[in-house]
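Notes follow once the structure below has been shown.
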Amino acid sequence: METVFDRPHALSDVVTNFCPGCTHGIITRLVAEVLDELGMEGKAVGVAPVGCSVMAYNFYECDMQEAAHGRAPAVATGIKRVHPENLVFTYQGDGDLAAIGTAETVHAAARSENITIIFVNNAIYGMTGGQMAPTSLVGQVTQTTPYGRKVEDQGYPIRMSEMLSTLEGSAYIERVAVDSVPNIRKAKAAIKKAFQCQLDKKGFSLVEVLSTCPTNWGKSPEEALDWLRENMMPQYPLGVYCDKLSKEGE
Amino acid sequence: MIQKIIFAGFGGQGVLFAGKTLAYAGMDEELQISWLPSYGPEMRGGTANCSVILSDEPIGSPVITSPDILIAMNKPSLEKFENAVAPGGLIVLDSFLIDKKVERDDVDVIYIPAKQLAEENGNATLGNMIMLGASLKHKDMISLEAVCRSVEEHTPQSRAALAELNKKMITIGYQY
Amino acid sequence: MEKKVLMKGNEALAEAAMRSGCRHFFGYPITPQTELAAYMAKQMPKRGGTFLQAESEVAAINMVYGAAGAGARVMTSSSSPGISLKQEGISYIAGADLPCVIINIVRGGPGLGGIQPAQSDYFQATKGGGHGDYRLLVYAPSSVQEMADLVGVAFDKADTYRMPAMIMGDGMLGQMMEPVSFKEPIAPEDLPQKEWATCGTGMKRKKNIINSLYLTPDELEELNDARLKRYETILKDEVLFEEYQTEDAELIFVAYGTIARIVMSSVNTLREQGIKAGLIRPITLWPFPSEIINQRADSAKMFLTVEMSQGQMVEDVRLAVNGKKPVYFYGRNGGMVPEQEAIVEEAKKYLQK
């Protein structure tokens with residue numbers, strides 16, 4: 001019988017800690033599929049963050065390092081400078097990347113550090129139980145904004161892809177979503193392109209993936225997908241924000 | 001034998017370099033040496049000084065509280081260190097830049113218009129080398145020959161002309 | 001050993017690191033350690049290495065974590081306030097059993113403090129600094145030559161025990177020049193391979209994981225206890241100290257680093273005056289040379305600990321002496337350096353009691 005669907009080789013045969021209906025699992029799998037397709041599992045070194053994907057070092061078959069909260073881009077920098085021929089990537093959430101680790105993120109991009117960041121934006125701190133994230137929307141109710149995020153008190157959400165794309169060091173930045181099959185396919189293509197960007201030594205690449213958090217949003221998985229489309233996409237438009245690969249091809 | 005020398009002046013007068021020149025010579029003579037600069041937040045201007053110790057035994061403290069020789073290249077330095085000089089010690093001061101006499105009578109003093117001599121001999125910035133040369137007259141100091149040899153040894157080939165100039169200034173100071 | 005050269009302590013640390021096979025340095029500017037980073041910046045590119053000025057001390061120490069986990073000999077350097085910022089990363093490095101060398105050119109504190117020499121980071125270096133049960137190997141050189149020598153020791157021991165090592169100096173040691181000779185350089189490729197490092201599986205082995213997260217308490221305890229076993233070996237095997245005139249000494253000074261040199265001069269002065277003084281100079285601050293201090297407590301009448309702090313190491317001296325004899329303290333802080341004469345006077349004060 002022909003196998004039509006299987007676990008990617010780079011994805012470990014372990015149970016993840018993600019909640020039912022959360023789209024982290026999809027993104028984790030996409031990264032593994034791309035590692036397989038590029039034949040890079042044996043050369044890859046991943047960096048896990050603090051947050052829902054803190055256990056990501058258990059999910060991949062490649063070498064992994066666990067970083068302190070927000071420090072993944074610095075850790076990845078250290079690895080990449082020792083092994084420039086390896087494929088070095090981080091997998092980080094919004095609190096990790098856009099709050100406590102903003103400096104590390106911005107400066108890795110500014111240095112055009114030849115690493116790839118998979119940035120999972122679900123507009124909330126998941127692991128710690130649903131606190132406001134730097135990407136939480138205005139009006140969004142969280143554990144620490146029980147009356148909704150107010151501009152006067154908590155200011156505005158950060159659009160990381162837009163911000164980072166203003167830096168000359170950024171080589172490839174795209175925002176994708178995993179709310180539908182077509183978007184999941186686009187997300188995978190973006191991750192592949194970002195990794196290729198690194199293999200071609202073009203510099204810093206980041207894929208921002210809009211993701212759901214049904215548990216902390218207080219929604220069913222399906223409602224969560226709708227909420228992502230209706231609320232997050234207008235605030236965080238999908239698309240390519242920076243692409244030095246194509247530019248040079250033109 | 002242990003010889004403690006403080007070089008002091010304004011930042012930019014080359015006091016640290018003069019100290020280094022002596023330290024290198026001490027090292028080449030196989031003495032124990034230490035060179036300790038004062039350091040502060042200001043990069044330029046202000047006072048600068050360095051402490052050089054030459055010894056035939058291991059050096060304990062690199063800090064000099066009571067120098068055998070004080071090389072003073074400005075007035076604040078003289079005022080700061082004059083009373084610290086060990087009795088019987090030597091003060092070398094640039095009489096072109098310091099309009100003041102040493103008040104103590106238990107130390108030897110060399111008044112030498114170092115900046116002026118340096119200018120007359122082709123480079124006004126090398127007063128520090130003149131001063132170093134003058135200090136070599138102290139009976140327990142390293143010989144003029146040793147210092148000149150060391151200057152040659154530690155100046156890169158590409159700057160041989162500078163080594164010559166430094167040696168000339170040191171000799172002028174010594175012969176003053 | 002090669003021909004002697006005249007060098008600043010900070011530069012000697014950098015040169016010795018490169019000769020020990022270190023090709024990765026991550027730092028952030030702070031006085032008074034800047035010459036070290038400047039030397040690295042100049043030399044690393046010439047020797048095929050990486051010098052990277054990070055955006056913060058926090059980032060720098062996490063770059064060290066990444067590079068150490070990737071198997072490289074790696075160094076960072078800073079001074080007190082910067083070392084405080086690095087504590088998070090140091091705790092993670094210890095927790096993930098990674099080797100690296102951290103230089104602390106200590107300045108007066110707390111807060112921004114000053115930039116003059118101090119020894120007020122002793123507690124931070126030897127008693128934890130960051131969170132969790134862990135130790136650093138802590139070396140305290142007292143000359144430029146020893147700075148150079150201990151860098152090599154620190155890298156070797158850090159690798160052997162898979163843990164961070166710290167070298168504590170101060171602005172005086174960092175800025176002063178003394179003749180120094182270096183060992184023959186080791187090329188990074190001649191260093192032993194680290195089979196636990198993350199450098200890609202090559203599809204030939206199981207993956208390596210660098211990590212300090214263990215959510216099941218019994219697993220975490222087991223790992224911590226295994227580390228404790230290594231610490232116990234270190235306490236037994238890695239203690240370094242120097243004794244000076246202690247055999248017949250009535251008063252034994254205990255001092256490390258810069259101040260130990262000054263105390264040595266004080267011992268000489270006291271001996272010239274017929275007073276039997278001696279010095280124990282800890283070279284490793286952790287592991288602390290407790291045994292020799294305890295032994296000497298049998299023959300000496302008293303101890304006088306001299307530090308450039310308000311009294312930190314003195315606590316370890318008291319633990320070592322364990323009540324056998326009185327332990328006194330003399331110190332200056334904030335960047336003030338005790339003078340040789342003042343130390344002599346202090347010693348006489350207690351001897352006349």
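With the largest listed first and rounded to whole Å, the semi-axes of the equivalent ellipsoid of region A:62-202 from the Cα gyration tensor are 27, 17, 14.
Using a Gaussian network model of chain C with C-alpha springs under 10 Å, which one of C:Cys22, C:Cys199, C:Cys100 is most mobile by mean-square fluctuation? With Cα springs under 10 Å in chain C, the top fluctuation among C:Cys22, C:Cys199, C:Cys100 is at C:Cys199. A Gaussian network model of chain A, with springs between Cα atoms under 10 Å, assigns the largest mean-square fluctuation among A:Pro221, A:Pro182, A:Pro237 to A:Pro182.
For chain B, rounded, prolate or oblate, judged on the Cα gyration tensor with a ≥ b ≥ c (square roots of eigenvalues), a/c < 1.5 rounded, else prolate if a/b > b/c? Rounded, because the longest to shortest axis ratio a/c is under 1.5. Contact order for region A:24-249, expressed relative to its length and based on alpha carbon pairs under 8 Å spaced 6+ residues apart, stands at 19 percent. Inter-label distance, C:Glu189 to C:Asn294: 4.9 nm, where each label sits 7 Å from its Cα along the C-beta direction. For C:Ile210, the residues whose modelled amide H falls within less than 5 Å of its own, excluding neighbours fewer than 5 places apart on the same chain, are A:Met64, A:Gln65, A:Glu66. Phi angles across region C:15-27 convert, under the Karplus curve 6.51 cos²θ - 1.76 cosθ + 1.60 with θ = phi - 60°, into 3J(HN,Hα) values of 4, 5, 4, 5, 6, 8, x, 7, 10, 9, 10, 10, x Hz, Gly and Pro given as x.
In the frame of its principal axes, region C:45-199 has Cα extents of 42, 40, 28 Å, reported largest first. Close amide-amide hydrogen proximity is noted between A:Ala10 and A:Asp36, each under 5 Å apart and 5 or more residues distant or on a separate chain (H modeled in the peptide plane; Pro and chain starts excluded). One decimal place: the segment A:Ser220-A:Val141 gains 26.8 nm when fully extended, by the rule 0.36 nm per residue minus the C-alpha distance. The fraction of accessible area contributed by carbon and sulfur in the protein assembly as shown is 52 percent, rounded to a whole number (1.4 Å probe; ligands and nucleic acids excluded).
Between C:Trp286 and C:Val138, the built amide H atoms are under 5 Å apart, and every one of these is 5 or more places off in sequence or on another chain. Summing +1 for each Lys or Arg and -1 for each Asp or Glu among the other residues whose beta-carbon sits under 10 angstrom from that of C:Ala255 gives +1.
Phi angles across region B:62-78 convert, under the Karplus curve 6.51 cos²θ - 1.76 cosθ + 1.60 with θ = phi - 60°, into 3J(HN,Hα) values of x, 8, 9, 9, 9, x, 7, 10, 10, 10, 9, 10, 8, 5, x, 5, 4 Hz, Gly and Pro given as x. The 3J(HN,Hα) values that the Karplus relation (6.51, -1.76, 1.60; θ = phi - 60°) gives for region C:208-219 are, in residue order, 9, 10, 9, 7, 10, 9, 9, 7, 8, x, 5, 5 Hz. Gly and Pro appear as x. Measuring r between the beta carbons of C:Lys229 and B:Lys100 and using R0 = 56 Å, the FRET efficiency lands at 0.25.
In this assembly, the C-A interface accounts for approximately 2500 Å² of buried accessible surface in total, computed with a 1.4 Å probe and without ligands, DNA or RNA.
From the Cα gyration tensor of the protein assembly as shown, with a ≥ b ≥ c the square roots of its eigenvalues, which class applies: rounded if a/c is under 1.5, or else prolate if a/b is larger than b/c, or else oblate? Prolate is the answer for the protein assembly as shown, as a/c is 1.5 or above and a/b outweighs b/c. The modelled label-to-label distance between B:Glu164 and C:Lys46, using points 7 Å beyond Cα along the C-beta direction, is 2.7 nm. Between B:Thr65 and C:Glu341, the simple spin-label model (points 7 angstrom out along Cα→Cβ) gives 0.6 nm.
Along its principal axes, chain A has C-alpha extents of 50, 49, 36 angstrom, given from the largest down.
Annotated for region C:242-351: lysine pairs at least 8 residues apart or interchain, Cα distance under 15 Å, count 7. Going by a ≥ b ≥ c, the root eigenvalues of the Cα gyration tensor, does region C:287-353 fall in the rounded group (a/c under 1.5), the prolate group (a/b larger than b/c) or the oblate group? Oblate. Could you identify which residue out of B:Ala124, B:Ala25, B:Ala134 has the top mean-square fluctuation in a GNM of chain B using Cα springs shorter than 10 Å? Result for chain B, Cα springs under 10 Å: B:Ala124 fluctuates most. Remark on chain C: hydrodynamic radius 20.8 angstrom, per the Kirkwood mean of 1/r across alpha carbon pairs. For chain C, the 222 nm mean residue ellipticity estimated from helices alone, with every DSSP H stretch of n ≥ 4 adding -39500 (n - 2.57) and the total spread over all residues, rounds to -12500 deg cm²/dmol. Shown is the FRET efficiency for A:Tyr156 and A:Lys186, computed with R0 = 30 Å from the Cβ-Cβ distance and rounded to the nearest 0.05: 0.65.
The values are calculated or read from the model by the stated rules, or taken from the named source; none is laboratory data. This is a predicted model, so every value here is computed, not measured. All Cβ positions, even for glycine, are placed from backbone atoms using ideal geometry, and neighbour counts span all protein chains on display. Accessible surface areas use protein heavy atoms only, side chains included; no ligands, DNA or RNA. Shrake-Rupley method; radii C 1.70, N 1.55, O 1.52, S 1.80 Å.
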